[in-house]
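Input: a single structure, listed below in structure tokens.
The values are calculated or read from the model by the stated rules, or taken from the named source; none is laboratory data. This is a predicted model, so every value here is computed, not measured. Quick reminder, even Gly has a Cβ in these numbers, built from the backbone with ideal geometry, and neighbours come from all protein chains shown. Only protein heavy atoms, including side chains, enter the accessible area calculation; ligands, DNA and RNA are left aside. Shrake-Rupley method; radii C 1.70, N 1.55, O 1.52, S 1.80 Å.
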Amino acid sequence: MAEDLQKCFGEFVAVNGVSFTIEDGEMFGFLGPNGAGKTTTLRMVQCTSPKTSGMLEVFGMDASTHQREIKTKMGVVPQENNLDPDFTVYENLLVFSRYFDIPEADARERVDELLDFVQLTEKKDTMTDTLSGGMKRRLILARALINRPRLLMLDEPTVGLDPQARHLMWDKLKGLKKEGVTIVLTTHYLEEAAQLCDRLVVMDHGRILVEGSPDQIIREYIGTDIVETKSDPKTIVCLDRQQARYEIIGDTVQIYTNEPQHITDHLLTECDLTTITARAVTLEDVFLNLTGRKLRE
Amino acid sequence: MNIGLYFKVPNISFRALRVWQRNKDVFMKNVKLNFLPPFIEPMLYLFAMGFGLGMFIEDIDGVSYARFIAPALIAVSVMYASFFECSYGSYVRMHYQKTFESIIATPLTIEDVITGELLWGATRSMINATIMLPVIALFGLIDFPHSLLIIPFAFLAGLVFAALGLCVASVTPNIMSINYPILLFIMPMFLFSGTFFPLHVLPLPIQYFALAALPLTHVVIVIRSLTFGILDVSLLFNLAWMVAVCLILSVLAVNMMKKKLIV
């Protein structure tokens, strides 16, 4: 879909030559620290921000010349809630349906169906600013579905939600995927990405660092397991001698491996270690390993 | 900077009407409250200035003071309605409510959205003029049927001030700063466009300036003629000026907003 896509704001290069293809019917994730260029990439695909250079096609159409056609078949959940505070829950959806030229009778039916789907039927006559965070997010999801989109774009769909609301959102997304909707999302929650995404990319500084399925990325970049132990000079010397792959984080050492049992035994016998824990690698380990631990603004 | 960018022919579709419809729906939610100002305001002004201050004023150009300012009150209301709707109103919708952002995720372009705002601003001017006519007619200060032409004319005039308002909204750094163009442009226009005293008492250069640069001057001339029941060929000049400025400012408003919002 995108090839060598670039976006500059003046001197600043926000997206620096990314290429990716999203298949029909898959759930695709963009991961990366703040300022990595995820949202900018999404906004280019949504045809709300023109690209600086490169090639971008959505549904086989050029994003810079066919924006109306593309947007007709797309649903968007933005990062920041932008419900219309001048209207009730029901009116929000109905007014939105008019932007897609959905005939009113069909629209009313669709709105009832969607309110039921996101469990907001009881709130239909409430003004939107009195809704809770989770309800607002669900209403935005319903709004993005008003035109029965083939492609759903979600920018941090579960940010700020409690675990219940987050799981509900995940269930809804899985349901939509089963119906054949292609879903693209960005997220900071790595557990979310691991659970939901068929494939994902990790971005940083406007570039794509890795691409693949969550399992594949984990295996390729770290291994299946991590062995953690306390960091002291003796251990480091011993690890260096074994040519182990490790990283020092604060006062612990993390050793990456595919054979945790073997490594643990080895460390216990060769390096005189006492406290050792082994655990499975998560996407978070890969993420931190790839993008570093420095705090982002 | 590329000047041509500001005068590009916008990519507009019939969908702009959906934005007009959205604003109309919000307006209708508080319709009674919204109808009150254009109903009360002319009465207050007429009592205070027309009949109060007017006691001390001889006839102006052969008409009573109340009859002289009545059309100006309509003109001023036409200006305020669309200018405020499309400066403060549009800025709130754009900046605080993110309404424009949510709409451009649908098949509408930003050009559609701004065009819808322009049309709605002009509609508000027309609504105000329509409500004021019967109120002022009650005092016997305007002639019919000529005055009925004020209603469609208010739409054109409203479009000019709506475009001005949107240009302001597109460059203002924050909502408080909208006060400056009001203080420096709208207020002087309110006072020096032949509204409360005839233009010809001002020095000649200022008269020319008012005719060349202040849209309200033309609006007052046209509405005053109509309320006096006069249809003169010279009004075509005012009308042509209005149409030309309306076109330029509308295209400018759409492109300035596009430049601001589509990055």
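Any residue in the range A:152-159 that is under 16 Å from A:LEU290 (Cα atoms), open to solvent by less than 10 Å² (accessible area, probe 1.4 Å) and either in contact with a strand residue (DSSP E or B) (Cβ under 9 Å, 6 or more places away or on another chain) or outside any helix (DSSP H, G or I) (or both)? No, the range A:152-159 contains no residue that is under 16 Å from A:LEU290 (Cα atoms), open to solvent by less than 10 Å² (accessible area, probe 1.4 Å) and either in contact with a strand residue (DSSP E or B) (Cβ under 9 Å, 6 or more places away or on another chain) or outside any helix (DSSP H, G or I) (or both).
Is at least one residue of the range B:99-109 closer than 18 Å to B:ALA163 by Cα and out of contact with any helix residue (DSSP H, G or I) (no Cβ under 6 Å at 6 or more places or on another chain)? Scanning the range B:99-109, I find at least one residue that is closer than 18 Å to B:ALA163 by Cα and out of contact with any helix residue (DSSP H, G or I) (no Cβ under 6 Å at 6 or more places or on another chain), so the answer is yes. Just to be sure, is A:LEU93 at pLDDT 95 or above, closer than 30 Å to B:VAL31 by Cβ, in contact with a Lys or Arg (Cβ under 7 Å, 6 or more places away or on another chain) and in the same structural domain as A:ASP162 (by TED's automatic domain parsing)? In short, yes. Of the residues that sit in the range B:78-101 and are of a type in the set (Ser, Thr, Tyr) and open to solvent by 10 Å² or more (accessible area, probe 1.4 Å), which one is nearest to B:LEU252 (Cα to Cα)? Per the stated criteria, the residue is B:TYR88.
The selection criterion, being surrounded by fewer than 20 Cβ atoms within 10 Å (Cβ to Cβ), within 14 Å of the chain's Cα centre (by Cα) and of a type in the set (Asp, Glu), holds for A:GLU191.
Among the residues of the range B:166-198, the ones that are open to solvent by 20 Å² or more (accessible area, probe 1.4 Å) and not in a helix (DSSP H, G or I) come to 4 in all. Out of the residues in the range A:211-220 that are at pLDDT 85 or above and outside any loop (DSSP other than H, G, I, E, B), which is nearest to A:ALA280 (Cα to Cα)? Among residues in the range A:211-220 that are at pLDDT 85 or above and outside any loop (DSSP other than H, G, I, E, B), the one nearest to A:ALA280 (Cα to Cα) is A:GLY212.
In this entry, A:MET203 passes the filter for residues that are out of contact with any Leu (no Cβ under 6 Å at 6 or more places or on another chain), surrounded by 17 or more Cβ atoms within 10 Å (Cβ to Cβ), assigned to a strand (DSSP E or B) and of a type outside the set (D, E, K, R). For the range B:51-60, check the following and say yes or no: at least one residue is out of contact with any Ser or Thr (no Cβ under 8 Å at 6 or more places or on another chain), open to solvent by less than 40 Å² (accessible area, probe 1.4 Å) and under 19 Å from B:THR195 (Cα atoms). Yes; the residues of the range B:51-60 include at least one that is out of contact with any Ser or Thr (no Cβ under 8 Å at 6 or more places or on another chain), open to solvent by less than 40 Å² (accessible area, probe 1.4 Å) and under 19 Å from B:THR195 (Cα atoms). Take the conditions (1) surrounded by 18 or more Cβ atoms within 10 Å (Cβ to Cβ); (2) modelled with pLDDT of 85 or more; (3) not in a helix (DSSP H, G or I); A:VAL227 misses just one of them, which is (2).
Just give me the residues in the range A:74-84 being within 8 Å of chain B (Cβ to nearest Cβ), part of a loop (DSSP other than H, G, I, E, B) and in contact with a strand residue (DSSP E or B) (Cβ under 9 Å, 6 or more places away or on another chain), in sequence order. Listed by number, the residues that qualify are A:PRO78, A:GLU80. Selection over the range A:215-271 of residues that are closer than 28 Å to A:ALA193 by Cα and not polar (S, T, N, Q) gives a count of 23.
Can you confirm whether the range A:275-292 contains a residue that is in contact with a helix residue (DSSP H, G or I) (Cβ under 8 Å, 6 or more places away or on another chain) and in a strand (DSSP E or B)? The answer is yes, given that some residue of the range A:275-292 is in contact with a helix residue (DSSP H, G or I) (Cβ under 8 Å, 6 or more places away or on another chain) and in a strand (DSSP E or B). In the set (1) touching a residue at least 40 places away in the same chain (Cβ under 8 Å); (2) open to solvent by 10 Å² or more (accessible area, probe 1.4 Å); (3) not in a loop (DSSP other than H, G, I, E, B), A:GLU23 fails one condition alone, (3). Taking the conditions (1) closer than 15 Å to B:SER87 by Cα; (2) among the small types (Gly, Ala, Ser); (3) open to solvent by 10 Å² or more (accessible area, probe 1.4 Å) in turn, B:ALA163 satisfies each one other than (3). For the range B:214-232, check the following and say yes or no: at least one residue is under 21 Å from the mean Cα position of the chain (by Cα) and loosely packed, with under 12 Cβ neighbours inside 10 Å. No; the residues of the range B:214-232 include none that is under 21 Å from the mean Cα position of the chain (by Cα) and loosely packed, with under 12 Cβ neighbours inside 10 Å. Scanning the range A:85-109 for residues that are within 11 Å of chain B (Cβ to nearest Cβ), part of a helix (DSSP H, G or I), within 29 Å of the chain's Cα centre (by Cα) and not hydroxyl-bearing (Ser, Thr, Tyr) returns A:ASN92, A:LEU94, A:VAL95, A:PHE96.
Within the range A:204-240, being free of Cβ contacts under 8 Å to residues at least 12 places away in the same chain and hydrophobic (A, V, I, L, M, F, W, C) holds for one residue alone: A:VAL237. Here the condition is being over 18 Å from B:ILE74 (Cα atoms) and touching a residue at least 24 places away in the same chain (Cβ under 8 Å); of B:SER234, B:SER170, B:SER177, B:SER193, it holds for B:SER170 alone. The set of residues in the range A:110-142 being aliphatic (A, V, I, L, M), surrounded by fewer than 20 Cβ atoms within 10 Å (Cβ to Cβ) and within 12 Å of chain B (Cβ to nearest Cβ) consists of A:MET127 alone.
The single condition among (1) touching a residue at least 12 places away in the same chain (Cβ under 8 Å); (2) in a loop (DSSP other than H, G, I, E, B); (3) within 11 Å of another protein chain (Cβ to nearest Cβ) that A:ALA36 does not meet is (3). So, in the range B:1-32, of the ones that are more than 14 Å from chain A (Cβ to nearest Cβ) and part of a loop (DSSP other than H, G, I, E, B), which residue ends up farthest from the chain's Cα centre (by Cα)? Per the stated criteria, the residue is B:ASN2. Quick check: is even one residue across the range B:33-50 more than 14 Å from chain A (Cβ to nearest Cβ), under 14 Å from B:ILE114 (Cα atoms) and of a type in the set (A, V, I, L, M, F, W, C)? No, there is no match, as no residue in the range B:33-50 is more than 14 Å from chain A (Cβ to nearest Cβ), under 14 Å from B:ILE114 (Cα atoms) and of a type in the set (A, V, I, L, M, F, W, C).
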